[in-house]
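These notes are about the structure you will find just below.
The numbers here are math on the coordinates, done by the rules we state, and not lab data. Quick caveat: nothing in here was measured; it's all calculated off a predicted structure. Here the Cβ is made from the backbone with ideal geometry for all residues, glycine too, and neighbour counts use every protein chain on show.
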Amino acid sequence: MPWPFIGVLFASYRHSKFSLAMLMSSLLIAAAGLSAVLIINDSAKQSYQSNEQFLIANVQNQIVSVDNTKALSRADYASLRRAGFTELVAVAQTRRHIYADGKRLTRRSIDHTGIDTFALYSQLSSPVALSASKEHQLAYEKQDENAVLLALDFGNVGSQNQAIIHPTLLDSLSAEAEELSGPRPIFTSADGRLLPKLYAHKNASLGNDIIMSMAALYGLYPETELSALLLIGDAPANRLDALKAALPSHLNLQSLNNSEQDSELTSSFHLNLMAMALLMFVVCLFIVVNAINLLMHTRMPWLKICRQLGIGRKQLMLVQLAEVGFLTLIACLIGIVLGLELAKLASPTVQATLENLYQVEVGYGQISLITLFLQVFGISLVGCITASLLPLQKLNQNLSSTKAVDEAKSQAFWHKMTWACFVVFAVIGIILLNFVQALWLLLIATACVILAGCCILLINYPLALRQIVKLIPKSLPLLRVSTKQSVSLSGKTKIACCAFFIAATSNIGMNLMVDSFRGATFSWLEQRLAADYYIYSNTALELDDIAKASDLVIHQRFENYTQFGKREIQQFSYPSTQRFQKAMSFYELAPQYSQENISELWHAFENANGILVNQQFAFGMGYEVNDKVSIPHPSTGKLSEYNILGIIYDFGNPSAQVLMPIRLFDPSTTSYFIYSIQGSEASIDRFTQSLLQNDIDIEKQIIETSELLRLSMQAFDDTFVITDGLNIVTLLVAALSLACAIVVIMNDVRPQNMLIRSLGVSAFKTQFLALFQYVLLCLVALIFATPFGILLAWVLITDINYQAFSWTYPLLISLAKIAKVYALSLCVVILVIIVPLIRAGKRPLINDIRQVN
Amino acid sequence: MINIENISKSYTDAGEKRLILDKLSLSFERGESLSIQGASGSGKSTLLHLLAALDKPDSGKITLSTSSGFEDLVSFTEAQADEYRKRQVGLIFQKFNLIDCISVWENVKLPIQISALNRASQNSPDNTDLLIKELLISLDVYKHRDKLPHQLSGGEQQRVAIARGLAHKPPLLLADEPTGNLDSKNSDIVSQLLVETCKAQNTALLMVTHSEKVAQLTEQQWYLENAVLRSI
């Protein structure tokens, strides 16, 4: 082991503080970003799973009511248990706000879940569970750990006056309550009933839930109906058949393995987040390359002396690789701590994103720090070692005693290689975009698009800069010299410029996509929200007479959920009045209809000859216009066949939805009601007064359309806060990478700048010219990034959005958005490089002359 | 033209004050050529830097007489020093004399363009081109005018550097070991050309060199030792 060399290595840190700081900061950003994303992903996954799995992991089947005509009752549960099906556990759930001293504490309603804890506890030793094979039994026990814990907790607590809640949720509730009503708050329901005593329970499957015994829930909300009977564990087929036979006609045994669609939705979220994090990570690695380059550059004279003293190249390389590994280890340890803090900071935004995109509530995950460390360190180490290879190979060449390779030949070789890479990336990208549907493959295709762009940039960078030189008038000799210098600089900053190009392309692409999405959502909402006011309600309201008396036109709209294939779909009534017809925003009409004869479409809709489906329904399930679909009738639940008349836009809705005429719905079986109201402000005031006189207190539920639009767009913007944040971080990281490269270049161009300064050009002017060079390099990279950014936005809209969310929308190329990315990118670059530039400018000319000569 | 009066300069090296120039005085006129020899670290380059207004003496005066009067180099601000280097001085270094991304012709033209940037009266483009052409011919590098510096040999590069140093017709040319990087044959050619071209342009030449042979080409030869100049 070359110990003296290690001593030299550590001594060199005193002289390479900047490069070391760059290297460490890039490693820290990469590790912290990666940890934060892994934590967010993991906790989102755990919470989402808990939401989907109804708290208990190993539930394969559940019994629910067939339709809304007859609900699942306690009597049904009792008779099934009496018939010997003791493995069934009843669950009831209601979503409510929590109060303290009559004041509402919760911003969002909390799931109050009642569970038959005695049944859950007793079924752990049930004959069904014991009869399973040993292997199966082990898996069952492991998977059902949460259920056991819960059951044991309830078993120990035993009282109906106790409930389990996640500590974080309890803390936030307590903090809210203390603010409102002082210490030792008493939590109640809206009507003042005392909540059971809340016990903090660190179980990942508890999200925004309060779990209590069924008795406690009925004590609080007596009107709550049973939601489902869960069949715990993998029951044998004959047992399932027996259960099916014993079920009354209004109940149905459902397999819960049909949540593929939902898991796809979360995986699309994870994939998107992961893709953004990996993008940032890759750009960080570009800094690592540049920072190591810079480090090697500073150390070169000493390394050469080490070589002269007889230390082998291999030893030098190995020690430096070990150094990179050691620095990565330190960065990962600190990065994980930073990542945890970042995840905490991002948590409300992630909650908002998931809530808006998937309508689920994110809870609080349990993170294994050891697993997290191993993941982050493993990925970072592989990345860093890979990133070190290029500068180390270059160093190896420099330290080699053999003659250097022919520069011209090497350039020609790399030029050909870049062309070859472009062809490979372009071909893979085109094939994947046209022939595959898996989201992860499409993300690879997206990466190929960006990398193909990188190759184009590398091939054309010097050519473009030479063209710019021609545009600069001869009367500006220094500017011409500076631009000419940037041509040679472009060859030395390739890696950094590629990082900048990737960041710029993804920024332009994401910005255009979000902007197009925002524009499409806004115009769609503006068109769709045809009424002046809306009332949303879980119960049917008798409003017609009061509305008429108040000179208002009111349209009742119903919403149901029904099972279609393996998916749950929304059935939504839609009024076919002139105003609502105009409000409909179509993605595609059946070919027999056009804007000229659209009334015929509405006529067919009115007569229930056809339905309208949203993009999520059509794309997600592979239907096209004029296809026939058999879906349950909204009132009777019997399967009926309908023709798809058109596909409509329905952004932000994760569910597949069909629009049907109102006459098919039965208010008594509908679960959700929307009232669209048309009328003046004065009329709505009269209407509110009349409602109060009739003891209908729904004033707070009346929402003005403009307010609804504002709230919707607010939710939209909240959803993309993470994307915006990651975009800026990526850009910053790319700019840092560029700064590293520029510091190396500054040493290389020092003799040239010294010469220009010796001709009487001021330090300020020289540094301004240097700034111009770097800004020009970035500007050219941005110009190249623009078409690829637009292409990326198109891919994101037509392929990624299509596969991830089952919706698509027109691409809107906003020059203002592109200009904003340009301005932001250049500002970030100037911000990052201004410090080394000022430092260089402050150095007296005489120092440079002494050093150079 | 240049009058150096009792200048002293010292450096602090590892906490110890070291006198480099001790009450040194010297004066010379346009068209004259001087060489300064001395051991490494004797202060030759320091003297050159003081004359180029890159550094300031601890004490003493350096004055430059021009058609518009006397200028005190010691009291120059940074902007004045820049302006002085732009118009009154040409500098030639041992290496890194040319900007590698522009041609020989453009390298020689650059100081003319820079010094003419803020001037109301500029040389006409024809005159400038003629001047550069003459210079390049006299230095025997005209045939390389369109080449990039790295396409030239070391000797050719230094000849172009001389042309660049004289292109804007400075009254004073300061050369810091201009032949230090060249073989003896090239060294002879370049130094000969340097002295002759300065004479032809009526430019004062102050050259720092280690080579006695090169020094002998100049009219005045000085040796710097123990912070004091003595004539050879």
**Q.** Computed lengthening from residue A:578 to residue A:783, 0.36 nm per intervening residue step minus Cα-Cα distance
**A.** 69.0 nm
**Q.** Full-stretch length increase - residue A:326, residue A:313 - with 0.36 nm per residue and alpha-carbon distance subtracted
**A.** 2.7 nm
**Q.** Interchain or long-range residues, amide H under 5 Å from residue A:228's placed H
**A.** A:91
Q | From phi via Karplus (6.51, -1.76, 1.60), per-residue ³J(HN,Hα) for segment A:443-460 in Hz, x at Gly/Pro | A | 5, 5, 4, 4, 4, 4, 4, 5, 5, 4, x, 4, 4, 4, 4, 4, 5, 9
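What net charge do the residues around residue B:49 carry, taking every other residue with its C-beta under 11 Å from that of residue B:49, with Lys and Arg at +1 and Asp and Glu at -1? Display every interim value, and only then the final one.
Values: positive: A:850, B:9, B:44, B:56; negative: B:55, B:176.
Net charge in that neighbourhood comes out at +2.
Taking the Cβ of residue A:469 as the centre, find all other residues whose Cβ is under 10 Å away and add up their charges (Lys, Arg: +1; Asp, Glu: -1).
Working: positive: A:466, A:470, A:480, A:484; negative: none.
So the environment of residue A:469 carries a net charge of +4.
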Q. Can you list the residues, at least 5 places off or on another chain, whose amide H is less than 5 Å from the amide H of residue A:100, using H built in the peptide plane?
A. A:105, A:188
Q: Within 10 Å of each Cβ in peptide A:752-758, how many partner chain Cβ atoms are there on average? Round it to a whole number, please.
A: 6
Q: Find how much the distance from residue A:300 to residue A:414 grows on full extension, using 0.36 nm per residue of separation minus their present alpha carbon separation; answer in nm with one decimal.
A: 38.6 nm
Q: Express the relative contact order of chain B as a whole percentage, based on alpha carbon pairs under 8 Å and six or more residues apart in sequence.
A: 30 percent
(Q) Starting from the 7 Å offset along Cα-to-Cβ, what nm value, one decimal, do you get for the label separation of residue A:717 and residue A:693? (A) 4.1 nm
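Given a Förster distance of 51 angstrom, what is the FRET efficiency for residue B:199 paired with residue A:333, based on the Cβ-Cβ distance and rounded to 0.05? Show your work: numbers first, answer last.
On the way: r = 70 Å, r/R0 = 1.38.
Computed FRET efficiency for residue B:199 and residue A:333: 0.15.
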(Q) Give me the one-decimal nm value for the distance between modelled label points at residue B:58 and residue A:815, 7 Å along each residue's Cα-to-Cβ direction. (A) 6.6 nm
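What order do you get for A:438-451, A:519-532 when each peptide is scored by the mean count of other beta carbon atoms within 10 Å, highest first? Present the calculation step by step, with values, prior to reporting the outcome.
Details: A:438-451: 19.7, A:519-532: 17.6.
Answer by packing, highest mean first, reads A:438-451, A:519-532.
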Q.
For the pair residue A:847/residue A:14, report the inter-label distance in nm, with labels modelled 7 Å from Cα in the Cβ direction.
A. 1.8 nm
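In segment B:1-58, which GluC sites (Glu not before Pro) fall in coil by DSSP and have 12 or fewer other Cβ atoms within 10 Å?
On the way: sites: B:5, B:16, B:29, B:32; in loops: B:29, B:32.
Hits after loop and neighbour filter: B:29.
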Q | Two-decimal Rg/Rh across chain B, once Rg and the Kirkwood Rh are taken from alpha-carbon atoms | A | 0.97
Q. In what sequence do A:740, A:332, A:455 fall when counting other Cβ within 10 Å, fewest first?
A. A:455, A:332, A:740
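Compute the signed sum of charges (Lys and Arg +1, Asp and Glu -1) over the other residues within less than 14 Å, Cβ to Cβ, of residue B:80. List each step's numbers first, then the result.
Numbers: positive: B:56, B:85, B:86, B:87; negative: B:71, B:72, B:78, B:82, B:83.
Around residue B:80, the surrounding residues sum to -1.
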Q: Using amide H atoms built 1.01 Å from N in the peptide plane, name the residues 5+ places from residue A:660, or on other chains, whose amide H lies under 5 Å from its own.
A: A:572, A:573, A:574
Q. Got a sec? How would B:68, A:122 order by Cβ neighbour count within 10 Å, fewest to most?
A. B:68, A:122
Q. Along segment A:313-330, what does the Karplus equation 6.51 cos²θ - 1.76 cosθ + 1.60 (θ = phi - 60°) give for ³J(HN,Hα), rounded to whole Hz, x for Gly and Pro?
A. 4, 4, 4, 4, 5, 4, 5, 6, 5, 4, 4, 4, x, 5, 5, 5, 4, 4
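Say R0 is 41 Å: what FRET efficiency, to the nearest 0.05, do residue A:492 and residue A:381 get from their beta-carbon distance? Before the final figure, lay out each step's value.
On the way: r = 28 Å, r/R0 = 0.68.
It comes out at approximately 0.90.
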Q.
Through the Karplus equation 6.51 cos²θ - 1.76 cosθ + 1.60, θ set to phi - 60°, convert the phi angles of segment A:89-96 into ³J(HN,Hα) values in whole Hz; use x for Gly and Pro.
A. 10, 7, 9, 10, 9, 9, 9, 9
Q | For A:666, B:13, order by how many other beta-carbon atoms lie within 10 Å, fewest first | A | B:13, A:666
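FRET efficiency for residue A:536 and residue B:148, Cβ-Cβ distance as r, R0 = 60 Å, nearest 0.05? Display every interim value, and only then the final one.
Details: r = 74 Å, r/R0 = 1.24.
After rounding, the FRET efficiency stands at 0.20.
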